[in-house]
Amino acid sequence: MSEVLVIRADATPDIGAGHVMRCLALAQAWASNGNSVILVGRITIPWVCERLRTEQIDVEFLEEEIETTQNFQHLFAVMEKYTVDWVVFDGYHFTYADQKSVCDAGYKLLVIDDCNHLPEYCCDILLNQNVGAERYSYQGSIGHKLLGIEYILLRQEVLNAIPIAMQKQTELQVRNVLLTLGGGDMEHRFDMLRDLFKLPMWSGVSLRVVAGGTSLAAWDDLLQRCSAQVEVIKYASDMAELMLWADFTITAGGSTCWELCALQSPFSTIVVAENQRDVVNYLERHSLSTPVSLLPDVGLQQAAKLCPYLKGLGQFYEKIVSAMAAVN
């Protein structure tokens with residue numbers, strides 16, 4: 001008899017896709033053993049909906065914009081219907097009371113957290129895969145704590161791509177560049193990129209942009225003066241394939257950074273949210289990314305510091321690959 005996992009997570013333009021996409025790694029591992037996975041959530045990002053349709057996951061869509069009693073009744077109805085073994089919460093809006101209600105009902109609960117934002121937690125397992133998570137003094141009724149980057153969740157397509165990446169021929173001259181800012185609507189962060197795309201270094205470069213939750217019209221407006229050969233990808237069904245294609249990636253400072261480390265693929269970071277600064281600082285300090293990151297107040301002078309890396313990786317490539325290999 002298969003065991004049932006219920007995941008409660010959302011993916012909207014405001015929240016982004018990170019919660020659902022990292023839970024997808026858990027779902028894939030669970031389903032690979034012949035077990036069942038049900039995702040309950042507000043999923044309004046089109047490419048995330050498309051991606052979930054390709055997985056062995058049943059999706060129960062919620063329509064409300066905020067967490068409501070009715071939503072929790074829906075969640076409990078799903079749990080009772082399928083005789084659930086484990087429940088996963090991934091999202092900042094779940095409260096201690098929400099967690100306790102699941103545990104008190106007799107279900108085993110995994111909570112995925114990022115910043116110890118609650119005074120106390122109630123769960124069987126608490127997972128925080130972020131840099132510095134070991135420093136948090138989590139309080140409450142917690143069975144096991146899995147803290148730090150050794151517990152990073154990697155989706156199956158990334159794991160499958162690792163042996164391919166290890167055989168990839170080194171291209172010290174950068175011809176293919178990937179830009180990804182995550183699954184949310186990032187148009188409000190475009191000011192930090194305008195100066196970057198004015199630079200002459202893009203000539204002769206192929207640039208693939210993962211649209212995420214940002215409109216294609218907004219990307220077209222931003223990139224109209226970029227001298228690269230540009231392709232904006234509306235639905236990125238296989239991020240690992242894009243990472244293997246790229247000689248260099250410019251990424252937000254989220255989970256994609258760890259996927260790039262696993263593939264030993266050089267990259268630079270853009271801080272699009274405050275909770276990414278610790279990750280970005282760690283990556284730079286350990287030579288896992290370029291020593292140049294783009295911050296919200298970036299200007300032309302800061303953007304120009306990326307030029308040497310986009311012209312050619314040189315000695316930086318050996319340094320970053322050695323550092324990534326050590327982390328892996």
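The values are calculated or read from the model by the stated rules, or taken from the named source; none is laboratory data. Everything numeric in this text was worked out from a predicted model, so none of it was measured. Please note: Cβ atoms are built from the backbone with ideal geometry, for glycine as well, and neighbour counts cover all protein chains shown.
So, restricting to strands (runs of 3 or more DSSP E) that lie completely within region 8-116, which ones have at least 1 residues that are in contact with a Lys or Arg (Cβ under 9 Å, 6 or more places away or on another chain) and of a type in the set (D, E, K, R)?
So the answer is 86-90.
For the condition over 24 Å from Ile43 (Cα atoms) and in a helix (DSSP H, G or I), what is the one hit in Cys261, Cys257?
Cys261
Hey, could you check region 82-103 for residues that are at pLDDT 95 or above and within 21 Å of Glu3 (Cβ to Cβ) and say which is surrounded by the most Cβ atoms within 10 Å (Cβ to Cβ)?
Here the residue is Val87.
Can you tell me which condition Ser255 does not meet? The list is (1) out of contact with any Lys or Arg (no Cβ under 8 Å at 6 or more places or on another chain); (2) closer than 21 Å to Cys49 by Cα, and all the others hold.
For Ser255, the failing item is (1).
Could you tell me which of the residues Phe89, Phe94 is in contact with a helix residue (DSSP H, G or I) (Cβ under 9 Å, 6 or more places away or on another chain), assigned by TED's automatic domain parsing to the domain that holds Ser36 and of a type outside the set (D, E, K, R)?
After ruling out the rest, the residue left standing is Phe89.
Looking only at region 131-183, count every residue that is part of a loop (DSSP other than H, G, I, E, B) and without any contact (Cβ under 8 Å) to a residue 12 or more places away in the chain and tell me the total.
2
Identify, from the list Val158, Val174, the residue that is of a type in the set (A, V, I, L, M), under 22 Å from Glu55 (Cβ atoms) and in contact with an Asp or Glu (Cβ under 6 Å, 6 or more places away or on another chain).
None of the other options fit; the residue is Val158.
Could you list, in sequence order, all residues of region 280-298 that are surrounded by fewer than 19 Cβ atoms within 10 Å (Cβ to Cβ), of a type outside the set (Val, Ile, Thr) and modelled with pLDDT under 75?
Once the filter is applied, which keeps residues that are surrounded by fewer than 19 Cβ atoms within 10 Å (Cβ to Cβ), of a type outside the set (Val, Ile, Thr) and modelled with pLDDT under 75, region 280-298 yields Pro291, Leu295, Pro296, Asp297.
Going by the conditions given, is Cys49 at pLDDT 90 or above and within 29 Å of Ala211 (Cα to Cα)? Break it down stepwise before answering.
Values: at pLDDT 90 or above: yes; within 29 Å of Ala211 (Cα to Cα): yes.
Here the answer is yes, as Cys49 does meet what is asked.
The conditions are (1) within 23 Å of Gly253 (Cα to Cα); (2) modelled with pLDDT of 85 or more; (3) β-branched (Val, Ile, Thr), and Val174 fails exactly one of them. Which is it?
Looking at each condition in turn, Val174 falls short on (2).
Is it the case, given these coordinates, that Asp114 is surrounded by fewer than 19 Cβ atoms within 10 Å (Cβ to Cβ), touching a helix residue (DSSP H, G or I) at 6+ places or on another chain (Cβ under 9 Å) and either touching a residue at least 60 places away in the same chain (Cβ under 8 Å) or under 25 Å from Asn275 (Cβ atoms) (or both)?
Yes.
Condition test on Gly34, is it among the small types (Gly, Ala, Ser), in the same structural domain as Val102 (by TED's automatic domain parsing), within 22 Å of Thr214 (Cβ to Cβ) and surrounded by fewer than 22 Cβ atoms within 10 Å (Cβ to Cβ)?
So Gly34 fails the test.
If I go through region 262-279 residue by residue, how many of them are surrounded by fewer than 23 Cβ atoms within 10 Å (Cβ to Cβ) and either under 14 Å from the mean Cα position of the chain (by Cα) or assigned by TED's automatic domain parsing to the domain that holds Gly16 (or both)?
Going through region 262-279 one residue at a time, the tally reaches 6.
For region 265-288, give me the residue count where each residue is of a type in the set (Val, Ile, Thr) and either part of a strand (DSSP E or B) or over 12 Å from Val131 (Cα atoms) (or both).
Residues in region 265-288 being of a type in the set (Val, Ile, Thr) and either part of a strand (DSSP E or B) or over 12 Å from Val131 (Cα atoms) (or both): 4 in total.
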